[in-house]
Structure formats: structure tokens, C-alpha cells
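Peer 1: Below: one structure in C-alpha cells.
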Amino acid sequence: MFSITLKNIGKRYRYDRIFTGVDVVLSHDAGGYAILGPNGSGKSTLMKILSGHLTPSVGNIVFSKENHILEIDQVYQHISYDAPYIDVIEEMTLVEMIDFHQKFKPLQAPLTATYLINDVLNFKKYEDKFIKHFSSGMKQRLKLALAITADTPVLLLDEPTSYLDEQGCAWYLNLIQQYTHGKLIVIASNSAQDYGFCKHHLNIMDYKIKS
């Protein structure tokens, strides 16, 4: 069991308040969470706080596994995170990238790198290609596959179907269905196809100071 508890969280940059008063418990058994709001409203900022990459300006965030509170430097081990602003290492080949990623985030058993390449990604002929030669859609598929199939209890996805065509979006939803059982899932997006399976919606505009 994994949970993230936000206690009156707020974030500001200089004099600009991005959001305030976020007070919610995210739990793995709640059916998934969608963070909604217009572009530039703070969805990605909140996702960075949920991942432990950003510290809130006010309030506290508590990460718990099996009712045991985790230190902030332990959090990364339990979270898989994909976003448009997170890059793959383009100087690596596909095989090198997957092997490197597994040193930090192993794949769910019984998945193997070979199965991921051949059956999940269908990239067999690209296994020795440098990632810098991949299209934007291929890079996004790789990032999503690594995040979704990783053996972590938390999955954070920001705009997951960016750069994906209709077929790619169907592939993404199939991955979610197959590999996220029992995970705490948080999706930040304005596209319903990204988060349609999430039972709970948090609109970032509800946490703005009303003028």
C-alpha cells in the first residue's frame, strides 16, 4: 500500500502563487487520479511536487509505504514518472537505454528487456539504433513503456499521449490496462483519452486564490 498525503500544499514563484490549499490523500486503491486545468495553470508543478522533485512553498507532503513514512531521498525508488520535459539519453542505443534504466527501475517480473523491445514496443529492428534517430512518437513510446512497466508502486504521467497518433494512444491505454494493477496512478492532462480510466479528478483551478 502506497499513499501520498498533501497537507495544505501551496507553491509560489517569487510573488506569483501557482496554487494553494491542496489538501488531499492519494491512495493506490482509489482508482486513479486525474489532475486537470488549462495549460500553464500549474499541473506540471504539482506533478513535480508529487514526484519529490520540487518542494512546496507551504504545507507538507508525506509519502507512505505500508504505513511507513519515507524519507524524501527514498521516494524516487518508488515512483516512475514520464513527462514531455523528461528526456531519454539520445546518445544511447535502445538496448543500452533499457539496460541503464533497469539499474534504477527494474521491469516488473517476468518482463525482460528483450520482451519489452520485441513485444511491448515492437521495436525489434531498432534495438541497436541510437535513440537520437528515433521519431518523437517512438521516443514517447519508449518513455511510456519504461515508466508503465517499471516495478514501482507509483506511476505519474504528464500529458502521456503527446506525440502519439491514434494507434499510439490505443497502445498506451492497453499498456495501462496490462501493467498498472495495484498502482497509485496520477495523470496530468487536458485530454480525456489520457485519463478516462481515472475515477477521481482534481482541477488545479479549484486551488487558485480567487480575486
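Laboratory data are not the source of any read-out in this text; all were calculated from the coordinates shown. The structure presented is a predicted model; accordingly, all values stated were derived computationally and were not measured. Note that each Cβ is placed from the backbone with ideal geometry, even for glycine, and that neighbours are counted across all protein chains shown.
Peer 1: If you take Rg/Rh (Cα atoms, Kirkwood Rh) from the coordinates, which of (1) 0.95; (2) 0.97; (3) 1.03 do you get?
Peer 2: (2)
Peer 1: I need the Kirkwood Rh of the stretch 1-83: take the reciprocal of the average 1/r across all distinct C-alpha pairs and report it in angstrom.
Peer 2: With all distinct Cα pairs of the stretch 1-83 included, I get 13.4 Å.
Peer 1: Same structure again: Can you list the GluC sites (Glu not before Pro) in the stretch 35-119 that are in a DSSP coil and have 11 or fewer other beta carbons within 10 angstrom?
Peer 2: Glu66, Glu71, Glu91
Peer 1: Would you work out which of Met47, Asn60, Ile148 lies farthest towards the positive end of the dipole of the chain, given +1 charges on the beta-carbon of Lys and Arg and -1 on that of Asp and Glu, about the Cα centre?
Peer 2: Asn60
Peer 1: Another question, if that's okay. How much FRET efficiency would the formula 1/(1 + (r/R0)^6) give for Asp151 and Asn60, where r is the Cβ-Cβ distance and R0 is 22 Å, rounded to 0.05?
Peer 2: 0.20
Peer 1: Work from the charge dipole of the chain (Cβ charges, +1 for Lys and Arg, -1 for Asp and Glu, about the Cα centre) and give the residue of Gly21, Val95, Ser189 farthest towards its positive end.
Peer 2: Highest projection toward the positive end goes to Gly21.
Peer 1: Something else: Pick out, in residue order, every one of the trypsin sites (Lys or Arg not before Pro) in the stretch 103-211 that is DSSP loop and has at most 13 other C-beta atoms within 10 Å; say none if there are none.
Peer 2: Within the stretch 103-211, the qualifying trypsin sites (Lys or Arg not before Pro) (loop, at most 13 other Cβ atoms within 10 Å) are Lys103, Lys199, Lys210.
Peer 1: Rounded to the nearest 500, what is the chain's calculated 222 nm mean residue ellipticity when only DSSP H runs of at least 4 contribute -39500 (n - 2.57) each, over all residues?
Peer 2: Computed ellipticity for the chain at 222 nm equals -7000 deg cm²/dmol.
Peer 1: Can you give the charge dipole size of the chain about its Cα centre, rounded to the nearest 20 debye, using +1 on the beta carbon of Lys and Arg and -1 on the beta carbon of Asp and Glu?
Peer 2: Dipole magnitude for the chain comes out near 620 debye.
Peer 1: Compute and list, largest first, the equivalent-ellipsoid semi-axes of the stretch 139-208 from the alpha carbon gyration tensor, each √(5λ) rounded to a whole angstrom.
Peer 2: Values for the stretch 139-208, descending: 20, 15, 11 Å.
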